[in-house]
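Please read the structure below before turning to the comments.
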Amino acid sequence: MELPEFAPGLSARVELTVTDADTAQYFGSGDVPVLGTPRLLALAEAATVAATARTIPGGVTTVGSRADVDHRTPVPVGRRVAAQATLTKVDGPRLLFEVTVNDGETLVAEVRIERIVVDRQLFIARALGD
């Protein structure tokens, strides 16, 4: 598989209005009705996927391999949050992203995510034990 060319600086933003299905209570990661860390991480990962979506060739995808989440501020149901991902480093197949999640002007979280570029079919075949 030939690695696609990704340049540091690629970025994307995704947004979410927090619902009951996004809360810590819903995910079982806590018992409070605020944005749960598992959902916050999924939002941050979605932003990293969006950052590479325009330039990734067919048959290739990225998979998450590491995440470091600093979840600082609670966000109640009904509020809108935005995740901004920026590719900061390319190391062969490893892509390193910095993601900030904000509720308006308030920093909700900082997330560092590593994704690995893989051959999509080969990855799925391995996962299925083929």
Revision key, fill the gap. Which residues qualify? For GLY36, with a placed amide H closer than 5 Å and at least 5 residues away or on another chain, they are THR23, ALA24
Practice item. Using a 10 Å cut-off on Cβ atoms, rank the peptides 120-128, 81-89, 31-39 from the highest mean neighbour count down. Key: 81-89, 31-39, 120-128
Point to revise | Residues THR55 and GLU105, FRET efficiency given R0 of 25 Å [Cβ-Cβ distance, rounded to 0.05] | key: 0.25
Study note, to complete from the structure: In region 49-81, the trypsin sites (Lys or Arg not before Pro) that sit in a DSSP loop and have at most 15 other Cβ atoms within 10 Å of their own Cβ are ARG54, ARG72
Revision key, fill the gap. Once both label points are put 7 Å beyond Cα along the C-beta direction, the LEU122-ASP20 separation in nm becomes 4.6 nm
Revision key, fill the gap. From DSSP H assignment alone, runs of 4+ in the chain each adding -39500 (n - 2.57), the sum over residues rounded to the nearest 500 puts [θ] at 222 nm at -6500 deg cm²/dmol
Practice item. Any chance you could give the angle, 0 to 90 degrees and rounded to 10, that helix 37-53 forms with the longest Cα principal axis of the chain? Key: 40 degrees
Review point. So, in nm, how far is label ALA82 from label ALA67 when the simple model puts each one 7 Å beyond its Cα toward the Cβ?
Key: 2.1 nm
Revision key, fill the gap. Output for the chain (equivalent-ellipsoid semi-axes, sqrt of 5λ from the C-alpha gyration tensor, Å, descending) is 28, 17, 11
Review point. So what's the net charge close to LEU107: Lys and Arg +1, Asp and Glu -1, counting the other residues with Cβ under 11 Å from its Cβ?
Key: -3
Exercise for review: Compute the longest continuous run of the chain that contains no exposed GluC sites (Glu not before Pro); treat a site as exposed when its DSSP state is not H, G, I, E or B and it has at most 10 other Cβ atoms within 10 Å.
Suggested key: 6-104
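Laboratory data are not the source of any read-out in this text; all were calculated from the coordinates shown. Note that the coordinates shown come from a computational prediction; the quantities given were computed from them, not determined experimentally. Reconstructed Cβ throughout: ideal geometry from the backbone, glycine too, with neighbour counts over all protein chains shown.
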